[in-house]
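Data block below; observations after.
The values are calculated or read from the model by the stated rules, or taken from the named source; none is laboratory data. Small disclaimer: the values here were computed from a predicted structure and weren't measured. For neighbour counting, all protein chains shown are included, and Cβ atoms are generated from backbone atoms with ideal geometry for every residue, glycine included. The accessibility values were calculated without ligands, DNA or RNA, using every heavy atom of the protein model including side chains. Shrake-Rupley method; radii C 1.70, N 1.55, O 1.52, S 1.80 Å.
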Amino acid sequence: MAMLEVNNIHTYYDKIHALKGVSLHVDQGEIVTLIGGNGAGKTTTLRTISGLLKPREGSVKLNGEDLAKYPAHELVYKGVSMVPEGRGVFAKLTVEENIEMGAYIDNDKARIERNKESAFTRFPRLKERRKQVAGTLSGGEQQMLAIARALMAQPKLLLLDEPSMGLAPILVDGIFDTIKEINQDGTTVLLVEQNASMALAIAHRGYVLQTGEIVLSDKADKLAKNETVQKAYLGID
Amino acid sequence: MSFLKNLDLRKLPMQLLVASIITLSVSAIGMVELFGGRFVITGLFTMAQILFLGPTAFFAYRAAQEAPAGKKWQGMIKALLLGVGVGLVMVVFVWLAQNLDVRSIFINISPRLINILTFEHAGGATTLFIALVLSALAGGALALVPDKLRNALLVGAGVTLLVGLLSEILAERLRSLFGSQLSSAIIASKALQVVPAAVLFLLVAGISYMRQSGRIGKVGPTLKPSQTKIVRTALISLLLLVLPMLLGSYLTEVTNNIGLFFLMGLGLNIVVGLAGLLDLGYVAFFAIGAYTMAALTSTGHLGLAGISFWVALPICVAVAAMAGFILGMPVLRMRGDYLAIVTLGFGEIIRILALSDLMKPYIGGAQGILNIPKPMVGELALIRPEQMYYVILIGVAIAMFMSTRVRDSQIGRRWMAMREDEDVAEAMGINLVNTKLLAFTIGAGFSGLAGAIFASKLGSIFPHSFNLLISINVLSLIIVGGLGSIPGTLVGAIILVGLPELLREFAEFRWLAYGVLLVTMMLNRPEGFIPSEVIKRELHAGDEAEQAG
């Protein structure tokens, strides 16, 4: 059974029909990527899954349980963490305080310490800057921080919204390597990306979203070879 | 003339212009004239002289400070130029005022003003010019003095000036505490005597200098930090307990007002400072607290229950907190400006409702509710300000304790996370609905407590006591003090509520000073007098990044 099952969701912004029946599923241990152009509905899909938006139709199920009855903030308790678009670090708090905020739902101090240590092992850059104010970090470091913070809740499923946005290419490589590592350590990942080539390179499967509808879905390597995808998203003629 | 090389005068015209405009303004709007006879230090200098010489000295200091290191003497040249410039402007001003009739437009440019500006003698224009140049040079010289000494001098001068300004009130206190002989030896006819002023200046400057050098603190037995804290808390508590005896009725009344505004500030600090919800209708909860107290305890015809102050107090807090909760619900989805407008409307609704005919049978409309009894302790009614002081002190102590605990608890973290980014806070597992409602409820409760005490302190309440200006005042005081900071809120309350009260003799000009203070604060020190760590970081994040390279 799929870990996350999104079934025919329709989401509206008032009268604008943003998602027109999106269905997808993510299995345990996978990296699944959702690619598409500007305004295709990628972020809307992610926000609907995380409960920040409510679909008018359709359902989002986690391990078979319908998530509609849970408000957004309770999803963390269900093992779903989100890294929002544009990173959303707490700019005025220090790196360390940001990471501690991620463990908001956790009351076990020893476990928080352990998780913090492993976050610092994963991101040595953040350890160097643990006392620095997050707003003064570079874009790439803020992205690392946002991911580290999301991992503090020890999620089973990690939702990532455009982690490569606004980053230098060299940093993008690093971030995607990290995502792959996190997945190998046992966290399932749903990755929303505009940078289709990078996303398809690390993902197991992919979905292509166009104006609120899934137009293609396949194994990642096959999608990367698909003519339409190459033309539209990979810049290959 | 090698030290004249690279003399940078680009900023000087602007500084000269601003200094001249300020000096001209304080003269032409009548400030100088009003304070012409008001000595700060008897026989030595008046308030007026500080007003028309001070700006030149200040801008000369600023100009001199910008001189490059190693060429500090260039600063003196700039200061001299600035002094000559302002001097010329003022001499022309005096000449024009003497030879043209400008009083039909500028009614405050009177012969009296000219007398003051020319130091009360013929040919005084030259004296005025020399005085301005000397002030500028003094300001410039200040920039040459080492930092520690300069700070010490400024602190000394500031304290002496403040004592001089408040001398009338202080004289009254000295008289009742130590007898009239000592009092008139120190303060005569509303001004400090020369010798006590000099002693005070040297003493304060000396202490300030030693403190900066770290020489004080080594004196006396060395204590562990925890012991120092206990000693300090004990001393402060003791001081607070005997304060009304030292202060006398009038100053205690001022302190009581500061206390009530501090109480409201603590509440609004939670809503705005910690949770980041801009609330402009905060006076509504103050009004609700006051009206609840009035209705429950009044012995007049509008009194409902006639219960005692102490029984009514928790009910008032609960009713105000409930109102905060109810206001919170419709505004849950709003942020920033929209929230501010809705709360502004709510504040006005409460005031207009209190004024309305609809509510008149219950809360008296414009006539308000009268005959609110004072709190009773046994048989003793707390009528005097010195007695009310303790009620307010207890209220403030409780509110401070609660604020500190709540701020440092998990709830405080939730508020801060929400203030920073609502979506991310929610993604971290924070229930935004509860968190917002809690901020509104606790904040309103504090305000209700202040309102309840206010009603009982005054004995009668009227709708016009609860206008928008109170909300604005409370908001200003927490911003000036330092958003999110509890000691900052106290400092803000003392400056914005206490000082205008104490400086009553300066009439409407104290509101000018109030406005100038707000503008200068926001330009030069937006984080407030005693900022909280987090806010300071935000406002100076840029500086740090620059330093980090």
Matching option when the condition is in contact (Cβ under 8 Å) with a residue 24 or more places away in the chain and charged (D, E, K, R), among B:101, B:8 | B:8
Can you work out which of the residues in segment A:147-159 that are more than 12 Å from chain B (Cβ to nearest Cβ) and open to solvent by less than 10 Å² (accessible area, probe 1.4 Å) is nearest to residue A:80 (Cα to Cα)?
-> A:157
Sole exception among (1) within 20 Å of residue A:81 (Cα to Cα); (2) open to solvent by 30 Å² or more (accessible area, probe 1.4 Å); (3) within 14 Å of chain B (Cβ to nearest Cβ) for residue A:132, by number = (1)
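Checking the structure you have, find out if any residue of segment A:155-169 is assigned to a helix (DSSP H, G or I), more than 16 Å from the chain's Cα centre (by Cα) and free of Cβ contacts under 8 Å to residues at least 60 places away in the same chain. Quick ask: steps written out before the conclusion?
Quick first cut of segment A:155-169, residues assigned to a helix (DSSP H, G or I) only: A:169.
Next, only the ones that are more than 16 Å from the chain's Cα centre (by Cα) stay: A:169.
Next, only the ones that are free of Cβ contacts under 8 Å to residues at least 60 places away in the same chain stay: A:169.
Yes, segment A:155-169 has at least one match.
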Have a look at B:180, B:167, B:135, B:176 and point out the one that is in contact with a Gly (Cβ under 9 Å, 6 or more places away or on another chain), hydroxyl-bearing (Ser, Thr, Tyr) and within 24 Å of residue B:253 (Cβ to Cβ).
-> B:176
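Test residue A:10 against the criterion of being part of a strand (DSSP E or B) and either touching an Asp or Glu at 6+ places or on another chain (Cβ under 9 Å) or closer than 30 Å to residue A:129 by Cβ (or both), and give yes or no. Don't jump to the end; show me each part of the working.
Values: part of a strand (DSSP E or B): yes; either touching an Asp or Glu at 6+ places or on another chain (Cβ under 9 Å) or closer than 30 Å to residue A:129 by Cβ (or both): yes.
Yes; evaluated as a whole, the condition is true for this residue.
Inside segment B:325-418, counting only helices (runs of 4 or more DSSP H) that do not spill past its ends, which hold 2 or more residues that are buried (at least 17 other Cβ atoms within 10 Å of the Cβ)?
B:336-355, B:385-408
Rundown of residues vs (1) modelled with pLDDT under 80; (2) within 25 Å of the chain's Cα centre (by Cα); (3) not β-branched (Val, Ile, Thr), yes/no style:
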site	(1), (2), (3)
B:14	no, no, yes
B:28	no, no, yes
B:35	no, yes, yes
B:40	no, yes, no
Cβ-Cβ below 8 Å, separation at least six or inter-chain, first residue in segment B:396-423 and under 19 Å from residue B:264 (Cα atoms) and within 13 Å of chain A (Cβ to nearest Cβ), second surrounded by fewer than 18 Cβ atoms within 10 Å (Cβ to Cβ) and of a type in the set (Val, Ile, Thr): which pairs?
-> B:412/B:406
Failed condition for residue A:20, given (1) in the same structural domain as residue A:206 (by TED's automatic domain parsing); (2) open to solvent by 10 Å² or more (accessible area, probe 1.4 Å); (3) in a helix (DSSP H, G or I), with all others met?
-> (3)
Conditions (1) away from chain A (no Cβ under 14 Å); (2) surrounded by 24 or more Cβ atoms within 10 Å (Cβ to Cβ); (3) out of contact with any Cys (no Cβ under 9 Å at 6 or more places or on another chain) -> residue B:465 fails only (2)
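So that you can scan it fast, the table gives a plain yes or no per residue for (1) within 12 Å of residue A:35 (Cβ to Cβ); (2) open to solvent by 20 Å² or more (accessible area, probe 1.4 Å); (3) assigned by TED's automatic domain parsing to the domain that holds residue A:48; (4) of a type in the set (Ser, Thr, Tyr):
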residue	(1), (2), (3), (4)
A:142	no, yes, no, no
A:173	no, yes, yes, no
A:176	no, no, yes, no
A:195	yes, yes, yes, no
A:225	no, yes, yes, no
A:235	no, yes, yes, no
Among the residues of segment B:419-439, count how many are part of a helix (DSSP H, G or I) and either modelled with pLDDT under 90 or not polar (S, T, N, Q) (or both).
-> 14
Can you name every residue in segment B:509-534 that is modelled with pLDDT of 85 or more, touching a helix residue (DSSP H, G or I) at 6+ places or on another chain (Cβ under 7 Å) and assigned to a helix (DSSP H, G or I)?
-> B:514, B:518, B:521
Listed by range, helices (runs of 4 or more DSSP H) wholly within segment A:44-128 having at least 3 residues that are at negative phi and at the interface with another protein chain (Cβ under 9 Å from one of its Cβ atoms) are A:95-102
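Which one of these is touching a residue at least 60 places away in the same chain (Cβ under 8 Å) and within 22 Å of residue B:165 (Cβ to Cβ): B:106, B:52, B:45?
Working: B:106 fails: within 22 Å of residue B:165 (Cβ to Cβ); B:45 fails: touching a residue at least 60 places away in the same chain (Cβ under 8 Å).
Exactly one of B:106, B:52, B:45 is touching a residue at least 60 places away in the same chain (Cβ under 8 Å) and within 22 Å of residue B:165 (Cβ to Cβ), namely B:52.
Examine segment A:33-54 for a residue that is open to solvent by 20 Å² or more (accessible area, probe 1.4 Å) and in contact with a Lys or Arg (Cβ under 6 Å, 6 or more places away or on another chain), and state whether such a residue exists.
Step one: list which residues in segment A:33-54 are open to solvent by 20 Å² or more (accessible area, probe 1.4 Å), which gives A:37-39, A:43, A:47, A:52-54.
Filter once more, keeping what is in contact with a Lys or Arg (Cβ under 6 Å, 6 or more places away or on another chain): A:53.
Checking segment A:33-54: at least one residue is open to solvent by 20 Å² or more (accessible area, probe 1.4 Å) and in contact with a Lys or Arg (Cβ under 6 Å, 6 or more places away or on another chain).
Based on this model, can you work out whether residue B:77 counts as in the same structural domain as residue B:157 (by TED's automatic domain parsing), under 29 Å from the mean Cα position of the chain (by Cα), β-branched (Val, Ile, Thr) and farther than 30 Å from residue B:186 by Cα?
On the way: in the same structural domain as residue B:157 (by TED's automatic domain parsing): yes; under 29 Å from the mean Cα position of the chain (by Cα): no; β-branched (Val, Ile, Thr): yes; farther than 30 Å from residue B:186 by Cα: yes.
No: the conditions fail for residue B:77.
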Report, by residue number, each residue of segment B:141-166 that is closer than 14 Å to residue B:201 by Cβ and crowded, with 18+ Cβ neighbours inside 10 Å.
-> B:152, B:155, B:156, B:160, B:161, B:163, B:164
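Just need a number here: residues in segment A:59-95 that are polar (S, T, N, Q) and surrounded by fewer than 18 Cβ atoms within 10 Å (Cβ to Cβ).
The first filter runs over segment A:59-95 and keeps only residues polar (S, T, N, Q), leaving A:59, A:63, A:81, A:94.
Okay, now just the ones that are also surrounded by fewer than 18 Cβ atoms within 10 Å (Cβ to Cβ), so A:59, A:63.
Of the residues in segment A:59-95, 2 are polar (S, T, N, Q) and surrounded by fewer than 18 Cβ atoms within 10 Å (Cβ to Cβ).
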